[in-house]
Every structure is written in structure tokens, then in C-alpha cells.
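The values are calculated or read from the model by the stated rules, or taken from the named source; none is laboratory data. Being a predicted model, the structure only gives us computed values, none of them experimental. Cβ placement follows ideal geometry from the backbone for every residue including glycine, while neighbour counts extend to all protein chains displayed. To get the accessible areas, we keep the full protein, side chains included, count just its heavy atoms, and leave off ligands, DNA and RNA. Shrake-Rupley method; radii C 1.70, N 1.55, O 1.52, S 1.80 Å.
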Amino acid sequence: MTNDTPSEDTTDGFHLLIDALKLNGIDTIFGLPGIPITDLTRMAQAEGMRMISFRHEQHAGNAAAAAGFLTQKPGICLTVSAPGFLNGLTALTNATTNCFPMILISGSSEREIVDLQQGDYEEMDQLAIAKPLCKAAFRVLHAQDIGIGIARAIRSALSGRPGGVYLDLPAKLFAQTMDAAAGKRSLVKVVDPAPRQIPAPDAVQRALDLLKGAKRPLIVLGKGAAYAQADAEIRALIEKSGIPYLPMSMAKGVLPDTHAQSAAATRSYVLAEADVVMLVGARLNWLLSHGKGKTWGGANADTRQFIQIDISPTEMDSNVPIAAPLVGDIGSCVSALVAGLGANWAKPPTDWTNAITERKDKNLAKMAATLALNPVPMNFHSALNVIRNAVKARPDAIVVNEGANTLDFTRSIVDMYEPRKRLDVGTWGIMGIGMGFAVAAAVTTGKPVIAIEGDSAFGFSGMEVETICRYNLPVCVIVFNNNGVYKGTDVNPRGGDVAPTVFVKNARYEMMMQAFGGVGVLAKTPEDLAKALDEAIASGKPTLINAMIDETAGTESGRITSLNPQTAKKK
Ligand code: COA
Ligand code: ADP
């Protein structure tokens, strides 16, 4: 054991790192112990930090990313060198892509040996590899620089557009000692790590003028709007302006999905027909068809104008021209717009809002009819109807969601009522975030977590059910088991091996949770599912519900079939 505290008048790299994090209000580390950071994990725990150990670094990294999104503090992921570092890197890059603040701290081998490529234990030039994959990357070589290293990492993760930061800590650093008083002085409490960015008054006026002239205005809320924690300001803007809004997936719940101005249930119509679109923390990337093409091809296709609120100035004009760029933090920008609406603001023309309501009501009625059906075997709709009711009853529960069909159906069926309660595959459409996000949601909020998982998606992080049990977290995992990727009915035309998309039929996923002392339930009907989910939420016990779904129910790639090269070729 080397986890002794140093003598009273000296400190060391281990303790400087822990003290630097604590000084900045960071109280949790997600990680996986091993050389050279095992003692660091023990010491962090001994010093009162929450140390959540995972079974694979990717999930620890995903947990850090989700914690960053939920708390506006960088989530910390701690890994061993080379392989552990690489395992964490996917999560770091995904966090950066999604604009979530996190810091991946990895131990590394000794510089002298790595740089001469002399074959050290887990040798790898980690800093060079991380650099192009995250927002910023730093290495600390001397104990007296740990305070500055942490400060730079926190500022880089949080300021401007949030993102992932890599911090490289060679093994030798941890045991370096220095005078305790000088060590204390070397630490930095970061002041105002995400400074407000007030928009220029003329930019605010330009946006208001455009909105004022609009006949068919639309507001699109993205996950930046959820991250910004400007919930009251955003609600004021939408309700005072009377403009219909469309929430992107992780912005569901910034206003309740049942809000009268939500146009989510008539998405295609509003995107095609709007004449002025204001993006609030949403990028015009593939999820919004890059702002052009068929999705945006209605009567106003050639004259449509965009207003974009974003903290990153270079986001403007990334896909289509932005007529009114509003650069600043969402809270400040939206407040300025609300102030500028004034007392005489004219709400959008009723022919536009009525047309939306009419289409929306029709789609909602169609959806209600589908949800009322009770087919045997259970399908996505009848299972999700149960979860929809459960979330309605517990709007504070956090929904984690991944898969293809399981993702797409959940997004439109399960209404969200509160901000930052939906965590999903985000900008990349990444699979494997499930258990990491669920752990982070439970650890940072203490609220019930419902992880709605396709059976394929669950496979990427399934071993972390042990982590969920070990920390006794209030997580209920629901595996939508339709025997395969997309569905379970593919056949290998040559016989022999099963088709590439097919899994073991009727797999007993619930036994995985039972193996570690949690509750496992096989649910074949909506009634089974409702009972198990109610019990899980009431008890807070780690639970896995294996929801058996009709294996013919899914479609290839869910709602994004058009991205398959073969389908695209045929079009
Ligand atoms: N009741 C009734 N209908 C509803 C509804 C509700 N509560 N909520 C949404 N709908 C409707 C929408 O209006 C839309 O129908 P429309 O196109 O006829 O208007 C449909 O249901 C689907 O809506 P939604 O899921 O919001 O949009 P979409 O699927 O067309 O959105 C993307 C496109 C790309 C944004 C979306 O598919 C997405 O986020 N995909 C992520 C996919 C992914 O990453 N997959 C992982 C890899 S497989
Ligand atoms: P979605 O996928 O939901 O459309 P995106 O991830 O594409 O959302 O967009 C989020 C946007 O929000 C990014 O462009 C990011 O720069 C921006 N953003 C994040 N935080 C803030 C903030 N506090 N203020 C302004 N913009 C922000």
C-alpha cells in the first residue's frame, strides 16, 4: 500500500490532484483502477470523493460526459495508460461532438522511454493521440503545475462551446513531493469558468426584426438549450412570442412535450413550411438535414431565413447562410430577445398556428389509437405505452435511451415533462452510452433512472449492470428484446451461421441483473412490464426487465433507413 498521506509539511502529486478537483467543487470520479492510478482512486475515496469504478473505461467516460451535461461541471473520467486511455477516448470524443464538458485523466508511461520508443509498459504517446479528438489536451510533468493543469482543463471544458479535455499525467508525477504550504498555494480555484457571453445589441435587433416579419416562424430547441439551464428564459420567449417550437431529442422536456406550442408531432410539416427558423442551441447537422433538401423543401424553400443562437461564432453559416447570427450564451441571448419583444408583440398569424394544431391533433389521435392496441406478442408501441404512463407519473425520472427502433419509437411516444431528463445517442447516433449514462444520472441526481435499451444497444455496456448493483443505484433497465439488430428475423441464405443481425433467440437478459443481486423480470405483456416497472421505481432497486417484443416489429435502421448505402442507391 502506498496510500499513506505524506508527512504534515509535505504533499504529493496524488493529493494535489485530489485537492485541486475538490477545490473546484468536483466531488465524483468515474473510472477504473490499475497502474498507475490505483492508489489515486483509493486516496480520492479516503479524502471523501465519490469514486465510481466501472468494468470498462468507455462506460466510465460516458458517465463523466453525462454528468457534465447534467451538472455544468466537467465530469471526470480516470483511466490507466494506453489501453485504458484508448477505451476512454471514444467517450471523450463523443462528449466533444455533443458539446458535453468532461475531462479524461489518464495515467501514462514515462516520457523518456515513450519518446525514445524503448518499449515501456503500456507505452503510447497518449497526448498526441488525444489532441485531434478533443477540445484541448494538456500534460503535467511537475507536481507544482497540477493546480494550473486542472484549472486549464476545467476552463477548456466549460468555457465557450463545452467539450472534452484530455489531461495526461505520467506515473512519476503522482509520487513527486513538495512543501505542503507551497502546494496549497499552487492550487487554483477557477473563477467564473463559463463566463456569460452577452450578445451584441445590433445582433439582437436583427433577430427580432426577422422574427417580427415572419409569417410562419418556428423555434428549434437543441440540446444546447437543455444544457444552458436557461429554462425560465426559454419558456418566456416561447410563450410571450407565441411561436411554435420543435424540440430536438435531448431538448424534449425543456418545456413539457404536452405544451400547446410544441410542434413535435408534426415535425415534417413545420420544417418544410416555416419561413423564419430560429435555432436555439441546435446545429444544422444531419439531424436537421443540414437545413436543406427535401426536409426543408416547402413553399419557402428558396426564401427561408435562419436565426441561430449559439455560443460558438464559427457554427454560423456551417451548412446554410444564417441571416441573423446571435452569438452568446443562450440565457443572455434569450433574455435579450424576451426584453425586445415588448408589450405590443404580435403573435404569429393564426393560419400558421392553426394549421400546425390541426395536423398535430390528427397525429396525436392516430398515435393514441395505436397505443391503445394490445397485440400479442407485445410490440414497441404497447411496451412504450407503459413507459409513457410511468414517466407521466414520475416526471422527475431520467430516461436514458439507445437503439435504433427502440430509440426512434421512444422519442415520439414517451413524453418528457422536465428539462434534462432525456439522455440519448446524441449527435453521433452512438451505441453503448446506456449503462454509463444511467449510472451518471443516478449518481448525480439520486432520481429514478429508466434506461430504455434496444437489445443490440444494451450489449455494448451490459456488463455495467454489475456496477449498477454494486452501488445499489435506482436504475431500471428495460431491454427491448426482439432477438436481433433491428429485428430478429433475418436468415442466412446459405444456411449455417445465423444472419449477422440475429442474436440468441429469447435470450434471458434479466438473469444478468439477478447474477449480481438485482431484480430481474421477464415481461411478455404490457401488464407484466407495468408491474415490474412500478415496483422498480417504488423500490429503487437495480432492476432489469427483459421486455419480449415481436421479433418482426423493427424496421432496418429505424427512422434513418435512408442513410443505408444500399437504400440510398435505390432512391
Ligand atoms: N405523436 C404523434 N406523432 C409524433 C409524435 C407524437 N407524440 N412525436 C413525433 N411524431 C411524429 C413526427 O411528426 C414525425 O412524423 P412526420 O415526419 O410525419 O412529421 C415522426 O413522428 C417522427 O418524429 P421524430 O422522431 O421527431 O422525427 P424523425 O425521426 O423524422 O427525425 C431525426 C429525424 C434524424 C432527427 C431522428 O430520426 C433522430 O434523431 N434520429 C437519431 C437516429 C440515431 O441516431 N440512431 C442511432 C443509430 S441506428
Ligand atoms: P441537437 O443535437 O439537440 O440539435 P446540438 O448538439 O447540435 O444539439 O447543438 C448544441 C449547440 O448548443 C452547439 O452548437 C453548442 O455550441 C451550443 N451551446 C452549448 N451550450 C451553449 C450555451 N450555454 N449557450 C449557447 N450555445 C450553447
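Looking only at residues that are of a type in the set (S, T, N, Q) and under 15 Å from residue 213 (Cα atoms) in segment 336-359, which one is least open to solvent (accessible area, probe 1.4 Å)? Even if it seems obvious, please write down each step before you answer.
Initially, segment 336-359 is screened for residues of a type in the set (S, T, N, Q), giving 344, 350, 353-354, 357.
Imposing the further condition that a residue be under 15 Å from residue 213 (Cα atoms) reduces the set to 344, 350.
Working: 344: 147, 350: 93 Å².
In this case the residue turns out to be 350.
Out of all the residues in segment 405-420, which are open to solvent by 30 Å² or more (accessible area, probe 1.4 Å), closer than 18 Å to residue 456 by Cα and either part of a strand (DSSP E or B) or near ligand 1 (Cβ under 7 Å from one of its atoms) (or both)?
Passing the criteria: only 411.
What residue, among those in segment 237-252 that are of a type outside the set (D, E, K, R) and within 12 Å of ligand 2 (Cβ to nearest atom), is surrounded by the most Cβ atoms within 10 Å (Cβ to Cβ)? Give the steps one after another, and end with the answer.
Narrowing segment 237-252 to residues of a type outside the set (D, E, K, R): 237-238, 241-251.
If we keep only those that are within 12 Å of ligand 2 (Cβ to nearest atom) as well, we get 246-251.
Values: 246: 23, 247: 27, 248: 25, 249: 23, 250: 30, 251: 27.
Checked segment 237-252; the qualifying residue surrounded by the most Cβ atoms within 10 Å (Cβ to Cβ) is 250.
Enumerate the strands (runs of 3 or more DSSP E) found wholly within segment 153-223, keeping only those where 1 or more residues are open to solvent by 10 Å² or more (accessible area, probe 1.4 Å) and within 30 Å of residue 81 (Cα to Cα).
It comes to 177-179.
Every residue, every condition in (1) in a helix (DSSP H, G or I); (2) small (Gly, Ala, Ser); (3) within 31 Å of the chain's Cα centre (by Cα); (4) within 16 Å of ligand 1 (Cβ to nearest atom), yes or no:
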| residue | (1), (2), (3), (4) |
| --- | --- |
| 318 | no, yes, yes, no |
| 321 | no, no, yes, no |
| 326 | no, no, yes, no |
| 343 | no, yes, no, no |
| 351 | yes, no, no, no |
| 354 | yes, no, no, no |
| 366 | yes, no, yes, yes |
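Out of segment 435-490, which residues are among the acidic types (Asp, Glu) and under 29 Å from residue 552 (Cβ atoms)? Quick ask: steps written out before the conclusion?
Let us first name the residues in segment 435-490 that are among the acidic types (Asp, Glu), namely 453, 455, 464, 466, 490.
Across segment 435-490, the qualifying residues are 453, 455, 490.
Against the definition (modelled with pLDDT under 95 and surrounded by fewer than 16 Cβ atoms within 10 Å (Cβ to Cβ)), how does residue 374 come out, yes or no?
So residue 374 passes the test.
With respect to the numbered conditions (1) surrounded by 17 or more Cβ atoms within 10 Å (Cβ to Cβ); (2) within 13 Å of ligand 1 (Cβ to nearest atom), which one is the sole condition not fulfilled by residue 362?
So the condition that residue 362 fails would be (1).
If the Cβ limit is 6 Å and pairs must be 6+ apart or interchain, which residue in segment 545-560 that is under 18 Å from residue 505 (Cα atoms) pairs with which residue that is within 16 Å of ligand 2 (Cβ to nearest atom) and among the small types (Gly, Ala, Ser)?
Hits for this filter: zero, empty list.
Scan (1) part of a helix (DSSP H, G or I); (2) away from ligand 1 (no atom under 15 Å from the Cβ); (3) of a type outside the set (D, E, K, R) for the single condition residue 375 breaks and write down its number.
Evaluating residue 375 over (1) part of a helix (DSSP H, G or I); (2) away from ligand 1 (no atom under 15 Å from the Cβ); (3) of a type outside the set (D, E, K, R) leaves (1) as the failure.
Which ones in segment 388-404 are out of contact with any Ser or Thr (no Cβ under 8 Å at 6 or more places or on another chain) and more than 13 Å from ligand 1 (Cβ to nearest atom)?
Restricting attention to segment 388-404, the residues satisfying the condition of being out of contact with any Ser or Thr (no Cβ under 8 Å at 6 or more places or on another chain) are 388-397, 400, 402.
Residues satisfying the conditions are 389, 390, 393, 394, 395, 396, 397, 400.
Consider segment 316-335. How many of its residues are surrounded by fewer than 23 Cβ atoms within 10 Å (Cβ to Cβ) and touching a residue at least 40 places away in the same chain (Cβ under 8 Å)? It would help to see each step written out before you state the result.
Step one: filter segment 316-335 for residues surrounded by fewer than 23 Cβ atoms within 10 Å (Cβ to Cβ), giving 316-325, 327-329, 331-332, 335.
Then keep just the ones that are touching a residue at least 40 places away in the same chain (Cβ under 8 Å); that gives 323-325, 327-329, 331-332, 335.
Summing the residues that are surrounded by fewer than 23 Cβ atoms within 10 Å (Cβ to Cβ) and touching a residue at least 40 places away in the same chain (Cβ under 8 Å) in segment 316-335 gives 9.
When you scan segment 417-434, how many residues do you find that are within 12 Å of the chain's Cα centre (by Cα) and away from ligand 2 (no atom under 16 Å from the Cβ)? Spell out the reasoning first.
Keep residues of segment 417-434 that are within 12 Å of the chain's Cα centre (by Cα), which gives 420-434.
This time we only want the ones that are away from ligand 2 (no atom under 16 Å from the Cβ), so: 431-432, 434.
Qualifying residue count, segment 417-434: 3.
Go through 490, 497 for me and flag whichever is out of contact with any Ser or Thr (no Cβ under 9 Å at 6 or more places or on another chain) and free of Cβ contacts under 8 Å to residues at least 24 places away in the same chain.
Details: 490 fails: out of contact with any Ser or Thr (no Cβ under 9 Å at 6 or more places or on another chain).
On inspection, the qualifying residue turns out to be 497.
For segment 197-233, how many residues meet the condition of being touching a residue at least 24 places away in the same chain (Cβ under 8 Å) and farther than 14 Å from residue 340 by Cα?
Adding up the residues that qualify gives 21.
Name the residues in segment 262-273 that are surrounded by fewer than 18 Cβ atoms within 10 Å (Cβ to Cβ) and either closer than 19 Å to residue 329 by Cα or without any contact (Cβ under 8 Å) to a residue 60 or more places away in the chain (or both), would you?
267, 268, 272
Among the numbered criteria (1) more than 16 Å from ligand 2 (Cβ to nearest atom); (2) more than 15 Å from the chain's Cα centre (by Cα), which one does residue 412 miss?
Of (1) more than 16 Å from ligand 2 (Cβ to nearest atom); (2) more than 15 Å from the chain's Cα centre (by Cα), only one is false for residue 412: (1).
Consider segment 130-152. How many of its residues are open to solvent by less than 60 Å² (accessible area, probe 1.4 Å) and more than 16 Å from ligand 2 (Cβ to nearest atom)? Quick ask: steps written out before the conclusion?
Going residue by residue through segment 130-152, those that are open to solvent by less than 60 Å² (accessible area, probe 1.4 Å) are 130, 134, 136-138, 140, 143, 146-147, 149-151.
Then drop every residue that is not more than 16 Å from ligand 2 (Cβ to nearest atom), which leaves 130, 137-138, 140, 143, 146-147, 149-151.
Adding up the residues that qualify gives 10.
Given the criteria open to solvent by 10 Å² or more (accessible area, probe 1.4 Å) and within 13 Å of ligand 1 (Cβ to nearest atom), does residue 227 qualify?
Numbers: open to solvent by 10 Å² or more (accessible area, probe 1.4 Å): yes; within 13 Å of ligand 1 (Cβ to nearest atom): no.
Spelling it out, it is not the case that residue 227 is open to solvent by 10 Å² or more (accessible area, probe 1.4 Å) and within 13 Å of ligand 1 (Cβ to nearest atom).
Find the residue count for segment 209-230, including only residues that are under 21 Å from the mean Cα position of the chain (by Cα) and among the charged types (D, E, K, R). Walk me through it before giving the result.
So in segment 209-230, the residues under 21 Å from the mean Cα position of the chain (by Cα) come out as 220-230.
Subsequent filtering for residues that are among the charged types (D, E, K, R) retains 223.
Number of matching residues: 1.
Of the residues 298, 291, 281, which single one is crowded, with 16+ Cβ neighbours inside 10 Å, within 23 Å of residue 348 (Cα to Cα), within 16 Å of ligand 1 (Cβ to nearest atom) and at pLDDT below 95?
Values: 291 fails: at pLDDT below 95; 281 fails: at pLDDT below 95.
Residue meeting the stated conditions: 298.
Pick from segment 381-404 the residues that are closer than 24 Å to residue 266 by Cβ, in contact with a strand residue (DSSP E or B) (Cβ under 7 Å, 6 or more places away or on another chain) and not in a strand (DSSP E or B): which of them is farthest from ligand 2 (Cβ to nearest atom)?
387
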